[in-house]
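This report concerns only the one structure given below.
Quick note: the coordinates plus some simple rules give every number you see, no bench work behind them. Predicted model, so just to flag it, every value in this text is computed and none were measured. Don't worry about glycine lacking a Cβ; one is built from the backbone with ideal geometry, like all the others, and counts go over all protein chains shown.
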Amino acid sequence: MSGSAHQPARLVVLVSGDGSNLQAILDACANDRSYGCQVVAVGADRSGTRGQQRAADAGVPTFVARVADYPDREAWERHLTSQVASYQPDLVVCAGFMKVLGATFISTFAGRMVNTHPALLPAFPGAHAVRDALAYGVKLSGVTVLYIDAGVDTGPIIAQQAVPVLPGDDEASLHERIKTVERPLFARTVGEVARQVVAQRAHSGAA
Ligand code: GRF
């Protein structure tokens with residue numbers, strides 16, 4: 001069913017850096033009437049990211065939750081969970097968010113969290129996927145869009161696309177080639193998953 005039949009899906013996007021994947025989602029929201037999604041907030045685990053600036057430029061509210069500002073990791077995670085929940089998201093989108101989320105967050109948004117990873121999982125999970133793939137010597141890497149579960153990059157795979165590793169690649173050149181493929185795949189997949197969440201909720205009568 002088209003997203004236009006329902007209220008737009010509410011996305012809360014979490015970022016840590018440049019936010020080019022966030023931008024692809026913001027652009028889809030702004031330019032594609034059938035996308036059926038609205039970014040209602042962008043959160044970051046650090047101050048001054050380009051991702052937050054992109055959100056502000058699009059008129060989207062932002063918030064920052066830095067681990068260092070809380071007595072421990074659990075307190076940070078409780079705060080992050082309540083911040084995200086306050087925006088009543090249909091889908092939580094980790095778009096280059098470089099923090100592992102724990103049980104409090106995961107149980108609150110179970111089945112409603114997606115992530116993007118710059119490798120073909122289950123190969124090369126973790127924070128240095130591009131570097132690890134290059135070091136291994138693979139000739140083909142790519143991008144994986146997946147649900148978030150309690151493990152690190154272990155959730156069910158939603159979409160994947162392969163990207164060649166070329167002679168002379170370094171981490172930056174391979175990552176940029178992957179991101180060129182990643183941005184449209186992630187934006188498209190986020191839209192599909194979010195519209196499903198909203199349609200299911202409407203169908204179950206909870207909307
Ligand atoms: C993406 O390649 C994502 O898969 C990885 O970090 C990158 C974030 O890029 N975890 P951006 O901030 O969306 O530009």
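With point charges of +1 on the Cβ of Lys and Arg and -1 on the Cβ of Asp and Glu, referenced to the Cα centre of the chain, which listed residue (Val15, Val143, Ala199) lies farthest in the positive direction of the dipole? About the Cα centre, the residue reaching furthest to the positive side is Ala199.
Amide H contacts of Thr154: Asp149, each under 5 Å away and 5 or more positions distant or on a separate chain (H built 1.01 Å from N in the peptide plane; Pro and chain starts excluded).
Each label point was placed 7 Å from the Cα along the Cα-to-Cβ direction; for Arg66 and Ala85 their separation is 2.6 nm.
How large is the Kirkwood hydrodynamic radius of the chain, in angstrom, based on all distinct alpha carbon pairs?
Values: mean 1/r = 0.0575 Å⁻¹.
Roughly 17.4 Å, rounded to one decimal.
3J(HN,Hα) along segment 78-91: 4, 5, 4, 4, 6, 4, 5, 4, 5, 8, 6, x, 7, 9 Hz, from the Karplus curve 6.51 cos²θ - 1.76 cosθ + 1.60 with θ = phi - 60°, whole Hz, x for Gly and Pro.
Across segment 42-51, coupling constants 3J(HN,Hα) worked out from phi with the 6.51/-1.76/1.60 Karplus curve, θ = phi - 60°, read 10, x, 9, 9, 8, 8, x, 7, 5, x Hz, and Gly and Pro carry x. Amide H contacts under 5 Å for Val60: none, restricted to partners 5 or more places along the chain or on a different chain, H placed in the peptide plane at 1.01 Å from N. Taking all C-alpha pairs of segment 107-207, those more than 20 Å from each other amount to 42 percent. Taking only the alpha-carbon positions of segment 84-159 and ignoring solvent, what does the Debye formula give for the base-10 log of I(q)/I(0) at q = 0.14, 0.20, 0.26 Å⁻¹? Evaluating at q = 0.14, 0.20, 0.26 Å⁻¹ gives log10 I(q)/I(0) of -0.45, -0.83, -1.24.
Each of Met98 and Ala172 was given a label point 7 Å from its Cα along the Cα-to-Cβ line. The distance between the two points is 1.5 nm. Remark: the Val152-Ala135 segment gains 4.1 nm on full extension, using 0.36 nm per residue and subtracting the alpha carbon distance. Spacing of the modelled spin labels on Asp27 and Ser47, each 7 Å from Cα toward Cβ, amounts to 3.1 nm.
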